[in-house]
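So the structure is just underneath, and the comments pick up after that.
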Amino acid sequence: MGITNSNKTVSVDRIDCEGTLRVTLALTAAPDIITNPTDIALVLDRSGSMAGTPLTNMKAGANTFIDIIAEATGGAADGQIGSGSHIGIVSFSSTATDDTQLITSVDTLKNAVNALSAGGNTNHGDAFTKAIGLFDAASSNHKVIVMFTDGNTTTGLPPAPIAAAARAQGITIYCIGLVGSDGVDVNALNSWATPPAASHVSVTPDAAELEALFAELAANITKTGATDIVINETVNSDFVIASILNPNVGTATMLGATSLRWNIDELGVSASESAALEFIVRHVGQTPGTKQVNASIDYSDNEGNVVDFPNPTVTVDCDVVVHPEPCPVPRDLSVDGCSDALVVDMDDTYLESLGRIIQLDVTVRNVCPGKRVALAVILTEVDENGLEYQRGMKAMTIPAHNSATCRDVLVRCIKFVVPEDLDVTGDTGRLCNQRNFKARFIAHNIDTDYRCCDEVLTL
């Protein structure tokens, strides 16, 4: 079987800037199917949500699965599953059906798959029950259920206790979920599958990927166990590895702030075996958005297994952070051990973040009593060619006064900040240049006695 499953998961899908998440790498390996015959119950969802392309692609995937098992067991030439292994087909919608028993005929298996039609609800409990019933308790063959579904349980008994009973009997359960219009309960798949779920659950968002996923699973089931496993993981530059937890199999070593190595001497040599490594990753970037967690992950072993790990993403929420003044570059100095004092010329230090504050006063003429005024101030800077550059806009409310007649109102201390790096004089080599600005004012009454067509307005 070789590596039967590989996975990489993250504990959360969203973190704050500089937040942390837990990353899990998981592998499962099992012995060669030829020396350890396997009975496989292929359990296929034919509920109504599978109609059309999903059902077509599932059939293609299931047929590919059957072909790969037949070829790997040495029976492809005569159209039979060889080396003592068998496959049985169970399909389900509102109820489940034994479409075949555990047999070896490739044609009979494919005919059963191709005859499936979609309709009805989704009864996972009955599907597990029928699949368990295919196996001969007296047989020494390894027993595997491959459950495919595209939706949530809508009828029948709760499937979790039935799946648990199957696992207690030594049956290995793999779950393949298709995320379609009806969704899929990934937590349910995790609870049904043989632990760890990361090694026995696969979820595909696209029906077109089903054939490749079935093919990968079948290929993995037929390989040998793995020895001298080396996994090199490098996380994205937006993250660093904060800590590594001890794996349940093998040893893990930090290679740098963003990389680690996981070594496993052997896995799944005499029986199905799973390994998992957890490590903590911390975000160190400054930009928000959806980030890929790993930059690269490389796998190798003595058997030449080809293993692809998913590339999970996490959404990073960051406040907008601006650093207008970078940290100063340090300058080195040293003091001899026997020196009482040290005099060092540290060169020049310059004033930082220079600029000016423009404070404007303006008089608004003839403001009548009981009338609030809206005032806007627009500031621009003018270069030597007469071109103007925006430097700011302010809008404010001038409260109403209670004088007996209209009067002028003085508005004081309207402040604008104009940093020196916005200077458009063209002489950037020196400070304190003369800078030219224009200020524009817009003012109007907020309150009015006018009413349009007797409409009632709130003042």
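Please treat every number below as a calculation from the coordinates, not as lab data. Remember, it's a predicted structure, so these values are computed and weren't measured experimentally. Positions of Cβ are backbone-derived with ideal geometry, glycine not excepted, and every protein chain shown enters the neighbour counts.
How much of the DSSP beta bridge set in the chain is antiparallel, as a percent to the nearest 5? Of those bridges, close to 75 percent are antiparallel. Rg and Dmax over the alpha-carbon atoms of the chain stand at 35.9, 110 Å.
With a ≥ b ≥ c taken as the square roots of the eigenvalues of the C-alpha gyration tensor of segment 161-286, please select rounded if a/c is under 1.5 and otherwise prolate if a/b is larger than b/c or oblate if it is not? Present the calculation step by step, with values, prior to reporting the outcome.
On the way: a/c = 1.89, a/b = 1.34, b/c = 1.42.
The shape class here is oblate.
In terms of surrounding Cβ atoms within a 10 Å radius of their Cβ, ARG331, ARG407 rank from fewest to most as ARG331, ARG407. Of the GluC sites (Glu not before Pro) found in segment 366-450, those that fall in a DSSP loop while having at most 10 other beta-carbon atoms within 10 Å are GLU384. Normalised by the number of residues in segment 356-445, the average gap of Cα pairs under 8 Å and 6 or more apart makes the relative contact order 45 percent. About its Cα centre, the chain has a charge dipole of approximately 1780 debye under the convention of +1 per Lys or Arg Cβ and -1 per Asp or Glu Cβ, with nothing else charged. Since only SER334, GLN169, VAL417 are under comparison, the one whose Cα sits farthest along the positive direction of the charge dipole of the chain, derived from C-beta charges on Lys, Arg, Asp and Glu, is VAL417.
Taking amide H positions as modeled 1.01 Å from N, with prolines and chain starts lacking one, the residues under 5 Å from GLY19 and 5 or more places away or on another chain are HIS283.
Proximity of backbone amide H atoms, modeled 1.01 Å from N, is registered between THR122 and THR154, THR155 at under 5 Å, excluding neighbours fewer than 5 places apart on the same chain. A dipole drawn for segment 356-445 from +1 and -1 charges on Cβ atoms has a positive end, and of VAL382, ASN402, GLN434 the residue lying farthest that way is ASN402.
Loop by DSSP (not H, G, I, E, B), at most 11 other beta-carbon atoms within 10 Å: where is the longest site-free stretch of the chain for chymotrypsin sites (Phe, Trp or Tyr not before Pro)? All intermediate terms of the calculation are to be shown ahead of the outcome.
On the way: sites that count: TYR350, TYR450.
Longest site-free region, per DSSP loop and neighbour criteria: 1-349.
Using the Karplus relation 6.51 cos²θ - 1.76 cosθ + 1.60 with θ = phi - 60°, the per-residue 3J(HN,Hα) values for segment 37-45 come to x, 10, 9, 10, 9, 8, 9, 10, 7 Hz, with x marking Gly and Pro.
Of all lysines in the structure, those lying under 24 Å Cα to Cα from LYS8, and not within fewer than 8 positions of it along the same chain, are LYS223, LYS291. Assuming charge only on the beta carbon of Lys and Arg (+1) and of Asp and Glu (-1), the dipole of segment 248-300 about its Cα centre is about 380 debye to the nearest 20.
Global dimensions of segment 33-222 from alpha-carbon coordinates: Rg and Dmax equal 14.9, 42 Å. Of the residues SER49, SER83, ALA62, the one whose Cα sits farthest toward the positive end of the charge dipole of segment 16-103, with +1 on the Cβ of Lys and Arg and -1 on the Cβ of Asp and Glu, is SER49. Our estimate of slack between ALA164 and LYS394, defined as 0.36 nm per intervening residue step minus the Cα-Cα distance, is 76.1 nm. Enclosing the Cα atoms of segment 356-445 in their convex hull gives a volume equal to 87 cubic angstrom per residue. Within the straight-line cut-off of under 23 Å between alpha carbons, the lysines reachable from LYS130 are LYS59, LYS110, LYS143, sequence neighbours fewer than 8 places apart in one chain being disregarded.
Placing unit charges on the Cβ atoms only, positive for Lys and Arg and negative for Asp and Glu, gives segment 356-445 a dipole magnitude near 660 debye about its Cα centre. Within the straight-line cut-off of under 16 Å between alpha carbons, the aspartates and glutamates reachable from LYS394 are ASP361, GLU381, sequence neighbours fewer than 8 places apart in one chain being disregarded. Each residue of segment 248-264 is assigned a 3J(HN,Hα), and the resulting list reads 6, 9, x, 10, 10, 10, 6, 9, x, 4, 10, 9, 8, 10, 10, 10, 10 Hz, derived from the Karplus form 6.51 cos²θ - 1.76 cosθ + 1.60 (θ = phi - 60°), x at Gly and Pro. Multiplying the residue separation of ILE34 and ALA341 by 0.36 nm and subtracting their alpha-carbon distance yields 102.4 nm.
Where in the chain are the helices, taken as whole DSSP H runs, whose Cα atoms extend 27 angstrom or more along the long axis and whose Kyte-Doolittle mean reaches at least 0.0?
Working: long enough: 53-72 (28 Å, 0.36).
Passing helices, by number: 53-72.
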